[in-house]
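The structure under discussion appears below in the form of structure tokens.
The values are calculated or read from the model by the stated rules, or taken from the named source; none is laboratory data. Note that the structure is predicted; figures quoted are calculated from it, not measured. Cβ coordinates were reconstructed from backbone atoms using ideal geometry, including for glycine residues, and neighbour counts include every protein chain displayed.
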Amino acid sequence: MSSILLIDDDVNLSNLLAEYLRDQGYVVHTAKDGQKGLHTFFEQKPDLIVLDVTMPIKDGWETLKRIREMSQTPVIMLTARSDESDVLRGFSLGADDYIHKPFSFAQLGARAHAVLSRSVGNVSTAEQLEAGELKVDLATRRVTRSGELVQLTPTEFKLLVTLMRHPSEVISAEDLVREVWGPQYANEIGFVRRYIWHLRQKVEVDSENPKFIHNERGFGYRFEFMG
């Protein structure tokens, strides 16, 4: 049974959402600000965090940054703002998904299920992927470049694995969305562009001159080692 930590200063919303998620079979913990959320995170070690951006004491950005300093636990950000800059900031700090308020509980429930599925993974562990100095161990979900550990979020990891399993093949943004995020994200192909950018920052020595992940403008993305 998966556990979810809700961190939001809107206590009424958190209580109602917690009740809904418990009815869906999750163990749910709540915290009303980032500081209390971090304490609960350390104590309970949830499988997923749903994190509001605007909170007192410690806002969502600071809380996410602290979480990412020590864990790759998947995080869904909640925000009342729809600015592209906010979305990009969340992804740059390691968020796995982004939901704008107001939202339906069913929508968040579906997103939570999708993010947890990516975190648990449905990839075979009987293989390792390798391209030049980049290595992926599927059994341990470890990614290294030249022997150095590369910290990836669950979504970044699945995106990299999907690309590496189709070497030299151009994969469209639509196909990547279906494979990595799931069919419920079909209208959000902007996720791909953002995540490709952040993935390159982590796996490429020079993200402006990539050796691994290449953009085929107008068609999609291709993984091919060009040493």
**Item:** Residue among L176, L108, L93 that alone is at pLDDT 90 or above and under 27 Å from V27 (Cα atoms)
**Value:** L108
**Prompt:** Looking only at the range 175-217, which residues are free of Cβ contacts under 8 Å to residues at least 24 places away in the same chain and charged (D, E, K, R)?
**Reply:** R178, E179, E188, R193, R200, E204, D206, E208, R217
**Prompt:** Somewhere in the range 74-89, is a residue free of Cβ contacts under 8 Å to residues at least 40 places away in the same chain, loosely packed, with under 15 Cβ neighbours inside 10 Å and touching a His at 6+ places or on another chain (Cβ under 7 Å)?
**Reply:** yes
**Message:** Just to be sure before I move on: is P183 out of contact with any helix residue (DSSP H, G or I) (no Cβ under 8 Å at 6 or more places or on another chain) and closer than 21 Å to H113 by Cβ in the structure I sent?
**Reply:** yes
**Prompt:** Does R66 satisfy being among the basic types (K, R), assigned to a loop (DSSP other than H, G, I, E, B) and surrounded by fewer than 19 Cβ atoms within 10 Å (Cβ to Cβ)?
**Reply:** no
**Request:** Give the range 19-34 a look and list any residue that's under 13 Å from L5 (Cα atoms) and assigned to a helix (DSSP H, G or I), or say none.
**Result:** E19, L21, R22, G34
**Prompt:** Mind checking which residues of the range 189-227 are among the hydrophobic types (A, V, I, L, M, F, W, C), surrounded by 11 or more Cβ atoms within 10 Å (Cβ to Cβ) and more than 15 Å from the chain's Cα centre (by Cα)?
**Reply:** V203, V205, F212, I213, F219, F223, F225
**So L152, is it crowded, with 17+ Cβ neighbours inside 10 Å, touching a residue at least 40 places away in the same chain (Cβ under 8 Å) and part of a loop (DSSP other than H, G, I, E, B)** = yes
**Hits in the range 19-39 - residues which are surrounded by fewer than 18 Cβ atoms within 10 Å (Cβ to Cβ), out of contact with any helix residue (DSSP H, G or I) (no Cβ under 7 Å at 6 or more places or on another chain) and under 24 Å from S117 (Cα atoms)** = E19, R22, D23, G25, V27
**Message:** Looking at the range 25-64 only, could you name the residues that are within 17 Å of N15 (Cα to Cα) and among the aromatic types (F, W, Y)?
**Reply:** Y26
